[in-house]
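Below is one structure, written out as structure tokens; comments come after it.
The values are calculated or read from the model by the stated rules, or taken from the named source; none is laboratory data. Just so we're clear, the structure is a prediction, and the values are computed from it rather than from any experiment. Here the Cβ is made from the backbone with ideal geometry for all residues, glycine too, and neighbour counts use every protein chain on show.
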């Protein structure tokens, strides 16, 4: 199916001939099956690249008037960022890539959708500022992470998730109406996310984000935090053999290994109670090994040569203090907690990798190493609740995952999940990462089976493990566990988008 000539010409008149296409070779590049998604995308009718909020507004009005579905995207990493039916256009927002303002006094930055972490983060570091950069790699969209997708990151222990730092929002509704929230709604600036009246942050983001099902967010302000680290960070080498060092007596990284997830739980809670540490996370042991290697062959040598055992249940702790005296205090508390909970420091030859890759705690430029095995990969769960609840979910993964690891349907790494406590252990995030050989038909089928088993395990145990975000079949199944949020979101979407054109996923 293709757009009617008059519709295509109307859209072309808005963005210009250069920024719209229905050519097959262009559209095919935006439907390609990616390794982490075990299904094929539909072909969009056109791809449109607007350059401003006003152009987005005009495009959506045309879509709404003609019953054309639209899907907004920037990097296209999410499986929900592509056409899933005929009569759909993709609205690619990467052209809107301006850092509109950095306000160091009131500590906020105003950005457009196309701004990437690699673009914003260095500008803020120059000014002694930082923000909660999602652990997606430097090419991720900052706005998408703050408004439309998960946005979890490695420094949540002493900070929080991106949704806590979302301030003013400018959003184009499916009918073309522009909505501005918080202090922005009264032309008072971008500094406040709520009021006057009811707050709309839950509508824009909630916990996870709805992938453009309620409209297109074209501009946001995010809260910034002071960065007390050195103004210059030593770096060198050429990727993948690069290094990033933070030479400071007030920055140290320790990695401990545990026998059981319950011991990790106890350590996390005690560290949180003591309110020490910038980063605390039980990390994936498969990506940890991958990031320390430069080839698939080297990975297998290290994985089978002791890394699997040394990192079987790793807890990464980054201490970042404001004085050497404070560092000595936090180190003393940390090692007392490890003594109490059974944490054993891993061999220094492995631990020192974090000292030379401090970007792991910033914008994770080494993350592409996760793809080094050349197979498929997929994150599962991505939920949040208490530290204790997340660790119980982690323990339960062993109840079903061996049916897939032992049969070769996925890579044999049954403990390959991470748990990140937030706000000094008041709640936590979980993510199960699975890798498989995408050339193996049984493995491709096995991924679907694994997702069903994982979801059924959550439903049976009433686990808050898999996050509900978009209004789709997944939310319909899990909604009852989350105060029937699927019913509320459906009512909201029907009111805001009665024609059902904003990224319909059902």
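Tabulated values for the structure
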| item | result |
| --- | --- |
| Single match in 433, 478, 450 (criterion: assigned by TED's automatic domain parsing to the domain that holds residue 376, over 20 Å from residue 387 (Cα atoms) and surrounded by 18 or more Cβ atoms within 10 Å (Cβ to Cβ)) | 450 |
| Any hit, the range 333-344, residues being under 26 Å from the mean Cα position of the chain (by Cα), crowded, with 21+ Cβ neighbours inside 10 Å and part of a loop (DSSP other than H, G, I, E, B) | no |
| Flag if residue 60 is within 18 Å of residue 171 (Cβ to Cβ), crowded, with 20+ Cβ neighbours inside 10 Å and more than 22 Å from the chain's Cα centre (by Cα) | yes |
| Residue list for the range 165-189, restricted to those being closer than 21 Å to residue 503 by Cβ, without any contact (Cβ under 8 Å) to a residue 60 or more places away in the chain and surrounded by 19 or more Cβ atoms within 10 Å (Cβ to Cβ) | 166, 169, 171, 181 |
| Hits in the range 242-278 - residues which are surrounded by fewer than 19 Cβ atoms within 10 Å (Cβ to Cβ) and farther than 15 Å from residue 340 by Cα | 242, 243, 245, 247, 248, 249, 250, 252, 275 |
| Elements of type strands (runs of 3 or more DSSP E) contained in the range 162-266, each with 2 or more residues being over 27 Å from residue 368 (Cα atoms) | 166-172, 178-180, 216-223 |
| Of all residues in the range 190-235 being on the phi > 0 side of the Ramachandran plot and without any contact (Cβ under 8 Å) to a residue 40 or more places away in the chain, the one that is farthest from the chain's Cα centre (by Cα) | 197 |
| Among residues of the range 347-371, those that are in contact with a helix residue (DSSP H, G or I) (Cβ under 9 Å, 6 or more places away or on another chain), surrounded by fewer than 19 Cβ atoms within 10 Å (Cβ to Cβ) and part of a loop (DSSP other than H, G, I, E, B), counted | 1 |
| Of all residues making up the range 47-86, the number that are closer than 13 Å to residue 7 by Cα and in a loop (DSSP other than H, G, I, E, B) | 2 |
| Test: residue in the range 216-233 that is assigned by TED's automatic domain parsing to the domain that holds residue 113, closer than 30 Å to residue 496 by Cα and at pLDDT below 90 | no |
| Residue count, the range 121-148 (criterion: assigned to a helix (DSSP H, G or I) and over 18 Å from residue 235 (Cα atoms)) | 6 |
| Whichever residue in the range 84-102 is surrounded by fewer than 20 Cβ atoms within 10 Å (Cβ to Cβ) and touching a strand residue (DSSP E or B) at 6+ places or on another chain (Cβ under 7 Å) and, among such residues, is nearest to residue 46 (Cα to Cα) | 87 |
